[in-house]
Structure formats: structure tokens, C-alpha cells
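The block underneath contains the structure these notes are about, expressed in C-alpha cells.
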Amino acid sequence: MEYQIKTIGVLTSGGDAPGMNAAIRAVTRAAISNNIRVKAIYRGYKGLMEDEVKEFTTQDVSDIIHRGGTILKTARSEEFRTPEGRKRAYETLQKEQIDALIVIGGDGSFTGARLLAQEYNVPVIGLPGTIDNDLWGTDTTIGYDTALNTIVECVDKLRDTATSHERVFLVEVMGRDAGFLTLSAAIAAGAEAAIIPERTPVVEQIEAAIGHGRRKHKNSSIVLVQEHAIEGGVQRVAQLIEEVHPEYGTRVTILGHLQRGGSPSAYDRILASRLGCAAIQALLDEQRSVMIGLENDEIVYVPLSRAIQQKKAIKDDKWQALQVLSI
Ligand code: ATP
């Protein structure tokens, strides 16, 4: 071993995701059971720069596995994007005698972690925590399954009212620049179509979506729209539909931050627990600058560079399934 890791720091960064608490719990307890001290860092990189640090015992993570959000809070920090900001962060690591850092977040958080590792030779491990599921190298990310279930539950409720009216119901779904949540939710909720950024041109997708509803002689249809699939978002989609088909009324529902909330699903709790334990094992195995992922139910170590740079692809069979099943 290069040097013995006596103390780790753990933080959550970027958007919060259900299951982050289960990951914090797992990291804390796995570390302590390997005689490694745990320092919890509040408010992501902002807290790291400002030394918002507290030592955790196993009791500090009691009674959190079922809670959404993150007890460590999360933040977005512009300053950490600068070399000066990362210098401040490193100074806190030195002051707190933190030998390695575990970052729970998405690709932006990993980009920052990787820079810190390169500039100051700090061992960092990433845990994929984002509802978007847009990280390459892991089948799913912590929070994705819960968010997916939340969206499906909301769309099911919308269906009850949709079937009573002759309208196109458009539901905006989160995902940053990825359509995983939108496509999977559309399949699970039996929607007529999903409009996602990975399939272009978007205008053709909209035409097809309306066509599906008409072919079925349905008097209403539900279309899920990824938040950044088109400039102007779901409102622009509504406008385009009404321009071409003035006979259709459209109704827009924006699920917004509802999608991030709620108690994590059993799947996310188990995923977070496995990945959290594996993060400590990875440090003991002298892994550095890797994300812990799950592929075909096996723990994998993915270089942070690949997790960030490679683009995870939408599964074509899923896209096809939605087209076939919505006729
Ligand atoms: P989510 O997918 O949920 O949005 P994320 O980790 O991608 O999560 P970001 O807001 O992109 O969320 O990043 C979180 C934080 O990571 C930023 O506020 C910033 O402090 C840091 N970060 C992001 N990109 C960089 C970068 N290029 N260089 C240094 N730090 C970065």
C-alpha cells in the first residue's frame, strides 16, 4: 500500500438522489468496521472548501436508510471549478487529515474529483448518485429506480383523467441531457410516446407520437417529454402539436422536483449499500480515481475518466419496444 488510509472523507454533490443516505450509511459503517475513521463533509465541494466537516460514528448514520435526499446536504460550487477553489479544498483535507475522498454524485462531481486527484494526488472514489442514470460503466445509478417509480406513479394518476378527455397529455421528465428516465417511464406507464434527445429529429418524434394516438382511435394520449429534448421544452412541444393539429387540445404536466423526492426503493437501498461497501474495499485494494459501478449484478471498478467521457447509449430494444407497444 502506498500509505495507509486512516481517515476518509465522504460528501454528496450535484443534484440529490434518493438512496444517497443509504450510500453514506454504507460507506461510514464499512469504513469503521475496517478501522478507518470517517469525516462527513457537508454541502459538497462548498463545504469541503469551507471546512464544514464532522467526524461520524456508526450512530450518526442510524435511521437514515429509508430517507430521501441527503443528510450531508448537497451544493453546486462554481469556486471548486477553479484551481484556487480546489487548493482550498485540499487545504481542508490536510487540516482534517483526510487521506482519501469518497464522492457521491454525477459526472460533474466526478470531473471535479478527478481534477483534485490529479492536482494533489488524493485517492478518490466515486459512487454514482444521480436520478438521471447517465453515467457510463454502471447499469443503474443510485436514485434512478426510485425516480422512475415516482414518475410512473404520477403518470398512472394522470391516465385516469386523460382517459376522460380528448387531449394530448404531455409530461415533462428530468434527465439533464439523457433520456433514460423518460424512455423507461414511458414503457412502464404504457405511454404513447417518449420524446428524448438521443433520437432526432425531435419534430419527427412528435409527429409519430400524435400518429400513434390517432391510429389507436384513442381520444387521448400520454407523451413523456425529456426536459431538454427540444429548445423551449415541453411547452414548445405543446405549441408544435397545436400548430399542426389544432383539433387536439394539449395539457402540460411538469413533475419537477417531485421526481427527486421520496423514500428510496428497495433496489436503490441495496445498490447504494453494495456500492458503499465496495468503495471501502476499493480503497483497501489500492484503487484510485475509479467509480464503483454495477454491471450484470457484479461490482466493477470504472476509471473516472471513462465514466465521465464515455456516453452511455439508450438501448435500442427499449426504444423499439416502446414504438411497437404504443401502436
Ligand atoms: P447531477 O447529474 O445530479 O446533476 P452532477 O455531479 O453532474 O450531478 P454538477 O452540478 O454538474 O452535478 O456538478 C456538481 C459540482 O461538481 C459542481 O457544482 C462543481 O463544484 C463540480 N464540478 C462540475 N464540473 C466541474 C469541472 N469541470 N471542474 C471542476 N469541478 C466541477
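Any residue at all in the range 158-173 that is within 14 Å of the ligand (Cβ to nearest atom) and not basic (Lys, Arg)? Step through it out loud before you land on a result.
Taking the range 158-173 first, the residues within 14 Å of the ligand (Cβ to nearest atom) are none.
No: zero hits.
Pick from the range 120-131 the residues that are in contact (Cβ under 8 Å) with a residue 60 or more places away in the chain and not in a strand (DSSP E or B): which of them is surrounded by the fewest Cβ atoms within 10 Å (Cβ to Cβ)?
First pass over the range 120-131, keeping only residues in contact (Cβ under 8 Å) with a residue 60 or more places away in the chain: 123-131.
Subset that is not in a strand (DSSP E or B): 123, 130-131.
Working: Pro123: 20, Thr130: 27, Ile131: 29.
Among them, the one singled out is Pro123.
Kindly indicate whether Arg251 is closer than 23 Å to Pro128 by Cβ and touching a helix residue (DSSP H, G or I) at 6+ places or on another chain (Cβ under 9 Å).
It is false that Arg251 is closer than 23 Å to Pro128 by Cβ and touching a helix residue (DSSP H, G or I) at 6+ places or on another chain (Cβ under 9 Å).
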- What do you reckon, is Phe56 over 18 Å from the mean Cα position of the chain (by Cα), within 16 Å of the ligand (Cβ to nearest atom) and either open to solvent by less than 70 Å² (accessible area, probe 1.4 Å) or more than 24 Å from Arg176 (Cβ to Cβ) (or both)? no
- Message: Is it the case, given these coordinates, that Ser263 is at pLDDT 95 or above and under 30 Å from Phe169 (Cβ atoms)?
- Response: yes
- Task: Can you work out which of the residues in the range 97-124 that are under 25 Å from the mean Cα position of the chain (by Cα) and more than 10 Å from the ligand (Cβ to nearest atom) is nearest to Thr12 (Cα to Cα)?
- Result: Ile102
- Item | Qualifying helices (runs of 4 or more DSSP H) (wholly inside the range 236-327; at least 3 residues being closer than 30 Å to Glu166 by Cα and hydrophobic (A, V, I, L, M, F, W, C)) | 316-325
- State which residue is modelled with the lowest pLDDT when the search covers only the range 53-112 and only residues that are within 25 Å of Ser263 (Cα to Cα) and of a type in the set (Gly, Ala, Ser). Ala75
- Which listed residue is surrounded by fewer than 15 Cβ atoms within 10 Å (Cβ to Cβ), more than 18 Å from the chain's Cα centre (by Cα), at pLDDT 80 or above and not aliphatic (A, V, I, L, M), from Gly233, Gly190: Gly190
- Note on the structure: Sole miss for His245 among (1) open to solvent by 60 Å² or more (accessible area, probe 1.4 Å); (2) closer than 21 Å to Ile195 by Cβ is condition (1)
- Here are Leu183, Leu224, Leu170, Leu240: which of them is open to solvent by 10 Å² or more (accessible area, probe 1.4 Å) and touching a residue at least 24 places away in the same chain (Cβ under 8 Å)? Leu240
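A quick yes/no check of all residues on (1) at positive phi; (2) within 18 Å of the chain's Cα centre (by Cα); (3) open to solvent by 80 Å² or more (accessible area, probe 1.4 Å); (4) assigned by TED's automatic domain parsing to the domain that holds Ile131:
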| position | (1), (2), (3), (4) |
| --- | --- |
| Leu271 | no, yes, no, yes |
| Arg274 | no, yes, yes, yes |
| Ser289 | yes, no, no, yes |
| Glu295 | no, yes, no, yes |
| Val302 | no, yes, no, yes |
| Gln323 | no, no, no, no |
- Selection from the range 125-150 of residues that are more than 24 Å from Thr92 (Cα to Cα), within 11 Å of the ligand (Cβ to nearest atom) and either among the polar types (S, T, N, Q) or more than 10 Å from the chain's Cα centre (by Cα) (or both): Thr130, Asn133, Thr141
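The values are calculated or read from the model by the stated rules, or taken from the named source; none is laboratory data. Computed from a prediction, not measured in an experiment: that's the story for all the values here. Note: ideal-geometry Cβ built from the backbone for every residue, glycine included; neighbour counts use all protein chains shown. We work out accessible area using only protein heavy atoms, side chains counted, and drop any ligands, DNA or RNA first. Shrake-Rupley method; radii C 1.70, N 1.55, O 1.52, S 1.80 Å.
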